[in-house]
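Peer 1: Before we start, here is the structure in question, set down as structure tokens.
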Amino acid sequence: MSVPIRKFDAVIVGAGGAGLRAAIQLSEAGLRTAVLSKVFPTRSHTVAAQGGVAASLGNSEEDHWHWHMYDTIKGSDWLGDQDAIEFMCRKANEVVIELEHYGMPFDRTDSGKIYQRPFGGHMSNFGEKPVRRSCAAADRTGHAMLHAMYQRNVKANTQFFIEWMALDLIRDDAGDVVGVTAMEMESGEVYIFHAKAVLFATGGAGRIYYSSTNAFINTGDGAGMAARAGVPLEDMEFWQFHPTGVAGAGVLITEGVRGEGGILRNADGERFMERYAPNAKDLASRDVVSRAMVTEINEGRGCGPNKDHVMLDITHLDPATIMKRLPGIREIGIQFAGVDAIKEPLPVVPTCHYQMGGIPTNYHGEVVMPKNGNPSEPVPGFYAAGECACASVHGANRLGTNSLLDLLVFGKSSGESMVEFIKTQPAAHKPLPANAADYSLSRLNRLETQTGGTAVGATRLAMQRTMQAHCGVFRFKHMLEEGVSKITEIEQQVASTEIKDKSKVFNTARLEALELDNLIEVAKATMVSANARTESRGAHVRDDAIDSPEFPDGRDDANWLKHTLWYREGNKLDYKPVNMKPLTVDTIALKKRAY
Amino acid sequence: MDSANDQQVSPGRLLWHCRRGLLELDLILQRFIEHHLESLTTDQRAELFELLHYDDITLLAIVSGREQCEETRLKGMVDLLRAA
Ligand SMILES: Cc1cc2nc3c(=O)[nH]c(=O)nc-3n(C[C@H](O)[C@H](O)[C@H](O)COP(=O)(O)OP(=O)(O)OC[C@H]3O[C@@H](n4cnc5c(N)ncnc54)[C@H](O)[C@@H]3O)c2cc1C
């Protein structure tokens, strides 16, 4: 079947912070650049970011990129690549100031400099005391960032394809990337986007979990497309959880609520944190609180008919204090839990927040995979940046505000690398392989003709519940093992999803089925990688790898200081070394991660 | 991007425009659509569609009652959303 072809120098899939930043680089270099997005660019999930973006500007007090680098490596529990981390931290000031020049309305100090506030894990002088490193635009940093960069792209003539969904990566016989297939939602038609270089900036896949702070759109499409095209996914066992998301909804409840005196209680009404952290109690660190919550639930002391959450109680606080110090909390309770937090406790559960792993790249934004004995050989023509990519700067655990920085730094560096690569290419595009769209068309045809299949919503829910129960914030050997077989069963169901609505125009049932094809790849990668990693590190915490003199916090550097690579083909795992060599400074040596 | 003046807003397009960058809006809009989409008149659909053109931060503030919608024409739809 013949499929219409559109030709560009560069094609970017994703118009969040990472995609928009890369597009500026390409369009301003005069290259014909297409940006595809499922939704209008400023509705990308980056809009949700409030906390800010990290840069050691030193506007409020002394700061240094080397300190930021140290914090990031320590935060990553030494799984981050030290070359990429040095690169990111050194570039931070430059990209933040560029963003200011694009029109980003950062908060300012009295003297007119960018105002900086403290954020968890960011310290001065190699871990000594908290430092003010986060640059924000009130509580709408992500929103302001998207607007500033979208406008800049419009000026630079970036061509946007809005409400287009990329379906599959196109690789030629040599394995080089030469384009993508995509569906125009308005018509339901499939097109080929033929390009000299392709960037994936499709964001995270937080919707693999039942409880997630991520918007519905975060379905891991880039990771799914890469996996189907034979590219491995790196470190997918590492997901950051937030202890208090509203049960069933996922909406975040800030740590501030416990700071103001909020108490966690189990089904017996017991303040259980007293048993787990006698001193800090409800204010213990995120991971300690999350683990305690899961233990209560697993041991049958969870609340509600399914005993699947605990309660966050602020009913003992003075209503006036609640209204003054925690104004948003009442609104969240009423809207998303149906309870008035002044009168009744709120149901909460540890909630998936951020994907540390992703499509493997180097700090140039080039996608890399093992080939001919080189663990990190670039895939010609293929780039990735943002939450869908793994550079790897976040390693086993991301520091807050480092993600927006990641978008800017690696959005820019991947854009620069693409400009350089395209310059070295002949004027004519590399030819498309024969029948380049066949794979996508066959997937669509399968959906069209499937009978007696499974429902998309129910299958997605089964996957989400399995991930939450078997591969959540606190992991158990037997649960992981069982999880691998369960997720394999669910994969079979995903392969036979059936949609009743076969219409062409804006068929959301079809779109959701296609998204589920991507989610399941990420879910498998996560479960299989987590089951294999028999240590605890950063956000991956196992009950059978606990703190001991030999393995502090359960971390086993002798065997597990390495990146996981998961291949879709045969659910196969491979590993590659962590890059412990920074670009110019000395290695930040291994240490126990203690705060 | 499609304009708010489109004669007919197809249910699919409306549904897709309820996909947002903020989870809070996804949840509120999904709940609303599940209960009300069928019963909305053509005019109401157009109003909802127009409302969905607001950026996420503003739309959430409007449906949560923290901000008023400057388009008084859309007040009826805003009230429906707030009540959902
Ligand atoms: C509630 C919340 C608060 C946060 N706060 C902060 C913070 O304060 N600081 C910080 O540093 N980080 C924060 N984060 C994390 C940070 O917001 C994200 O990691 C980051 O915004 C991801 O940006 P991105 O550009 O990679 O992807 P996104 O912004 O998610 O954009 C993805 C883009 O890809 C497009 N897309 C996806 N699939 C396809 C497809 N198949 N076809 C076409 N287009 C597609 C989408 O339409 C979208 O345009 C927060 C996260 C959450 C959930």
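The values are calculated or read from the model by the stated rules, or taken from the named source; none is laboratory data. What you see is a predicted model; the values in this text were computed from it and never measured. Ideal geometry is used to build each Cβ from the backbone, glycine not excepted, and the neighbour counts take in all protein chains shown. Please note that ligands, DNA and RNA were not included when accessible areas were found on the heavy atoms of the full protein model with its side chains. Shrake-Rupley method; radii C 1.70, N 1.55, O 1.52, S 1.80 Å.
Peer 1: Given Cα pairs under 8 Å that are at least 6 residues apart, what percent is the relative contact order of chain A? If you can, show how the numbers build up before the last one.
Peer 2: Numbers: 1369 pairs, mean separation 123.7, N = 595.
Answer for chain A is 21 percent.
Peer 1: Please give the charge dipole size of the range A:41-82, origin at the Cα centre, charges +1 on K and R Cβ atoms and -1 on D and E Cβ atoms. Round to the nearest 20 debye.
Peer 2: Values: 2 positive and 6 negative charges, 63 e Å.
Dipole of the range A:41-82, to the nearest 20 debye: 300 debye.
Peer 1: Quickly rank A:477-484, A:463-470 as a protection proxy: mean count of other C-beta atoms within 10 Å, highest first. Intermediate values should be presented prior to the final figure.
Peer 2: Numbers: A:477-484: 16.6, A:463-470: 21.4.
Per-residue mean Cβ counts within 10 Å order the peptides as A:463-470, A:477-484.
Peer 1: Then there's this: Over the range A:201-276, what percent of the accessible surface lies on carbon and sulfur atoms, probe 1.4 Å? Mind dumping the intermediate values first?
Peer 2: Values: 770 of 1650 Å².
C and S atoms contribute 47 percent here.
Peer 1: Next question, about the same structure. Residues of the range A:330-344 that become at least 20 Å² less accessible with every protein chain present than in their own chain isolated, using 1.4 Å: which are they?
Peer 2: Buried on complex formation: A:GLU331, A:GLN335, A:PHE336.
Peer 1: Ok, one more. Using Cα-Cα distances under 8 Å and only pairs 6 or more residues apart, what relative contact order does the range A:52-93 have, in percent? Don't skip to the answer; put the middle values down first.
Peer 2: On the way: 33 pairs, mean separation 19.2, N = 42.
Relative contact order of the range A:52-93: 46 percent.
Peer 1: Using Stokes-Einstein with the Kirkwood hydrodynamic radius over Cα pairs, what translational diffusion coefficient do you get for the range A:418-541 at 20 °C and a viscosity of 1.002 mPa s, in µm²/s rounded to a whole number? Walk me through the intermediate numbers first.
Peer 2: Numbers: Rh = 17.2 Å.
Reported coefficient: 125 µm²/s.
Peer 1: Would you tell me the mean number of C-beta atoms belonging to other protein chains that fall within 10 Å of each C-beta in B:11-19, as a whole number? Numbers along the way, then the final one.
Peer 2: Values: counts 4, 13, 6, 2, 6, 9, 5, 2, 10.
The per-residue average across the peptide is 6.
Peer 1: Let me ask something else. At a 1.4 Å probe radius, carbon and sulfur cover how many percent of the accessible area of the range A:23-144? List each step's numbers first, then the result.
Peer 2: Working: 1990 of 4220 Å².
For the range A:23-144, the apolar C and S fraction of the accessible surface comes to 47 percent.
Peer 1: Of A:MET149, A:LEU169, A:ALA197, whose Cα points farthest to the positive end of the dipole of the range A:137-217 (charges on the beta-carbon: +1 Lys, Arg; -1 Asp, Glu; origin at the Cα centre)?
Peer 2: Ranked along the dipole, the leading option is A:MET149.
Peer 1: Separate question: Cα centroids of the range A:481-508 and the range A:166-213: how far apart, whole angstrom?
Peer 2: Between the Cα centres of the range A:481-508 and the range A:166-213 lies a distance of 19 Å.
Peer 1: Give me the net charge of A:ALA247's neighbourhood, meaning all other residues with Cβ under 12 Å from the Cβ of A:ALA247; Lys, Arg count +1, Asp, Glu -1. Show your work: numbers first, answer last.
Peer 2: Details: positive: A:LYS307; negative: A:ASP308.
Around A:ALA247, the surrounding residues sum to 0.
Peer 1: Other chains near B:23-31: what is the mean number of their Cβ atoms within 10 Å of each residue's Cβ? Let's see the in-between values first.
Peer 2: Numbers: counts 18, 10, 5, 7, 9, 2, 1, 1, 2.
What the average comes to for B:23-31 is 6.
Peer 1: Can you tell me the alpha carbon radius of gyration of the protein assembly as shown divided by the globular rule-of-thumb value 2.2 N^0.38 Å? If you can, show how the numbers build up before the last one.
Peer 2: Numbers: Rg = 23.9 Å, N = 679, 2.2 N^0.38 = 26.2 Å.
Against the compact-globule rule of thumb, the ratio is 0.91.
Peer 1: Further question on the same structure: Explain nothing, just the number: dipole magnitude of the range A:488-536 about its Cα centre with +1 on each Lys and Arg Cβ and -1 on each Asp and Glu Cβ, in debye rounded to the nearest 20.
Peer 2: Computed charge dipole of the range A:488-536: roughly 180 debye.
Peer 1: To continue, here is another question. How big is the dipole moment of the protein assembly as shown about its Cα centre under a simple scheme where the beta carbon of each Lys and Arg is +1, that of each Asp and Glu is -1, and everything else is neutral? Debye, nearest 20, please.
Peer 2: Details: 73 positive and 88 negative charges, 37 e Å.
About 180 debye.
Peer 1: Modelling each spin label as a point 7 Å along the Cα-to-Cβ direction, I'd like the A:THR321/A:ASN306 distance in nm, to one decimal.
Peer 2: 3.4
Peer 1: For an R0 of 30 angstrom, estimate the FRET efficiency from the Cβ-Cβ distance between A:ILE342 and B:GLU67 and round to the nearest 0.05.
Peer 2: Details: r = 23 Å, r/R0 = 0.76.
My answer for the efficiency is 0.85.
Peer 1: Tell me, what ³J(HN,Hα) does each residue in the range A:579-595 have, in order and in whole Hz, if you take phi through Karplus 6.51 cos²θ - 1.76 cosθ + 1.60 with θ = phi - 60° and put x for Gly and Pro?
Peer 2: In residue order, the calculated couplings are 7, 8, 9, x, 6, 10, 9, 6, 4, 7, 5, 4, 7, 5, 8, 10, 10 Hz.
Peer 1: Here's something else I'd like to know. Short version: ³J(HN,Hα) in whole Hz for each residue of the range A:108-124, in order, from phi by Karplus 6.51 cos²θ - 1.76 cosθ + 1.60 (θ = phi - 60°), x for Gly and Pro, what are they?
Peer 2: 10, 7, 4, 8, x, 7, 5, 6, 10, 10, x, 8, x, x, 8, 10, 9
Peer 1: For A:GLU489 and A:PHE126, what is the calculated FRET efficiency with R₀ set at 51 Å and r taken between the beta-carbons, to the nearest 0.05?
Peer 2: Values: r = 48 Å, r/R0 = 0.94.
The pair A:GLU489/A:PHE126 has a calculated efficiency of 0.60.
Peer 1: Determine the total buried accessible area between chain A and chain B, counting protein heavy atoms only with a 1.4 Å probe; round to the nearest 100 Å².
Peer 2: Details: alone 22830 and 5310 Å², together 25560 Å².
So the total buried area for this chain pair works out to about 2600 Å².
Peer 1: While we're here: Could I have the simple spin-label model distance between A:ASN435 and A:ILE5, label points 7 Å from Cα toward Cβ, reported in nm to one decimal?
Peer 2: 1.7
Peer 1: Note down the net charge around A:MET273, summing +1 for each Lys or Arg and -1 for each Asp or Glu among other residues with Cβ under 12 Å from its Cβ.
Peer 2: Details: positive: A:ARG258, A:ARG265, A:ARG271, A:ARG275, A:LYS281, A:ARG291; negative: A:GLU270, A:GLU274, A:ASP282, A:GLU296, A:ASP313.
In short, +1.
Peer 1: Are there GluC sites (Glu not before Pro) in the range A:276-359 that DSSP puts in a loop and that have at most 16 other Cβ atoms within 10 Å, and which ones? Could the numbers behind the result be given before it?
Peer 2: On the way: sites: A:GLU296, A:GLU299, A:GLU331; in loops: A:GLU299.
Here the sparse-neighbourhood loop sites are A:GLU299.
Peer 1: Mind jotting down the distance between the C-alpha centroids of the range A:44-60 and the range A:405-422, whole Å?
Peer 2: With the range A:405-422 and the range A:44-60 each reduced to a Cα centre, they are spaced 19 Å.
Peer 1: Still on this structure: Separation of the range A:269-331 and the range A:368-387 by C-alpha centroid, Å?
Peer 2: If we compute the Cα centre of each part, the gap is 43 Å.
Peer 1: Moving to a separate point now. Roll a 1.4 Å probe over the protein chains and send me the accessible area per residue for the range A:421-468 in Å².
Peer 2: I get 53 Å² per residue for the range A:421-468.
Peer 1: Just going by the charge dipole of the range A:519-595, with Lys and Arg at +1 and Asp and Glu at -1 on Cβ, which of A:GLY538, A:THR584, A:PRO552 is farthest out on the positive end?
Peer 2: Towards the positive end, the residue furthest out is A:THR584.
Peer 1: To continue, here is another question. By how many nm would the segment from A:ALA594 to A:GLN159 lengthen if fully extended, with 0.36 nm per residue of separation less the alpha-carbon distance?
Peer 2: Details: separation 435, 0.36 × 435 = 156.60 nm, distance 4.74 nm.
Result: 151.9 nm gained on full extension.
Peer 1: Once amide H atoms are built 1.01 Å from N in the peptide plane, which residues 5 or more positions from A:HIS563, or in another chain, come under 5 Å H to H?
Peer 2: A:LYS576, A:VAL578
Peer 1: Over the range A:5-51, give the accessible area per residue in Å² for a 1.4 Å probe, as an integer. Mind dumping the intermediate values first?
Peer 2: Numbers: 1200 Å² over 47 residues.
Ligands and nucleic acids excluded, the result is 26 Å² per residue.
Peer 1: Here is a follow-up. Please report, in Å, the Rg and the Dmax of the range A:214-370, where both are computed over Cα atoms only.
Peer 2: So, for the range A:214-370, Rg and Dmax equal 18.7, 59 Å respectively.
Peer 1: Shifting gears a bit: Could you work out how much longer the chain between A:GLU420 and A:ARG446 gets when fully extended? Use 0.36 nm per residue separation minus the Cα distance between them, nm to one decimal. Numbers along the way, then the final one.
Peer 2: On the way: separation 26, 0.36 × 26 = 9.36 nm, distance 3.96 nm.
Here the segment from A:GLU420 to A:ARG446 would lengthen by 5.4 nm.
Peer 1: Hey, another quick one. Per residue of A:39-47, what is the mean number of Cβ atoms on other protein chains within 10 angstrom of that residue's Cβ? If you can, show how the numbers build up before the last one.
Peer 2: Numbers: counts 5, 9, 1, 4, 10, 3, 5, 1, 8.
The per-residue average across the peptide is 5.
Peer 1: In nanometres, what is the gap between the two model label sites at A:ASP173 and A:TYR575, each 7 Å from Cα along Cα-to-Cβ?
Peer 2: 3.8
Peer 1: Follow-up. Which residue, A:GLY365, A:THR158, A:THR213, has the largest displacement toward the positive end of the dipole of chain A when charges sit on each Cβ (Lys, Arg +1; Asp, Glu -1)?
Peer 2: Ranked along the dipole, the leading option is A:THR158.
Peer 1: Each residue of the range A:461-473 in turn: what ³J(HN,Hα) in whole Hz from Karplus with 6.51, -1.76, 1.60 and θ = phi - 60°, glycine and Pro shown as x?
Peer 2: Per residue, the Karplus-derived 3J(HN,Hα) values read 4, 4, 5, 5, 5, 5, 4, 5, 6, 9, 9, x, 6 Hz.
Peer 1: Ignoring ligands, DNA and RNA, what percent of the accessible area of the range A:415-478 is carbon or sulfur (1.4 Å)? Present the calculation step by step, with values, prior to reporting the outcome.
Peer 2: Details: 1890 of 3150 Å².
Carbon plus sulfur share of accessible area: 60 percent.
Peer 1: Run a plain Debye calculation on the range A:467-595 (Cα atoms as equal point scatterers, no solvent) and give log10 I(q)/I(0) at q = 0.09, 0.19 Å⁻¹, rounded to two decimals, same order as the q list.
Peer 2: The computed values of log10 I(q)/I(0) come out as -0.39, -1.10.
Peer 1: With an 8 Å Cα cut-off and a minimum separation of 6 or more residues, compute the relative contact order for the range A:463-528 in percent. Walk me through the numbers before you get to the answer.
Peer 2: Details: 43 pairs, mean separation 26.3, N = 66.
Value for the range A:463-528: 40 percent.
Peer 1: Let's test this: bin the Cα-Cα distances of chain B at 10 Å from zero up to the farthest pair and state each bin's percent.
Peer 2: With a bin width of 10 Å, the distribution comes to 17, 59, 23, 0.
Peer 1: With the cut-off at 27 Å, tell me which of the pairs A:LYS155/A:LYS423; A:LYS477/A:LYS581; A:LYS412/A:LYS581; A:LYS524/A:LYS581; A:LYS486/A:LYS572; A:LYS38/A:LYS324 have Cα atoms farther apart than that.
Peer 2: Working: A:LYS155/A:LYS423 23 Å; A:LYS477/A:LYS581 33 Å; A:LYS412/A:LYS581 23 Å; A:LYS524/A:LYS581 31 Å; A:LYS486/A:LYS572 17 Å; A:LYS38/A:LYS324 39 Å.
Too far apart for the 27 Å limit: A:LYS477/A:LYS581; A:LYS524/A:LYS581; A:LYS38/A:LYS324.
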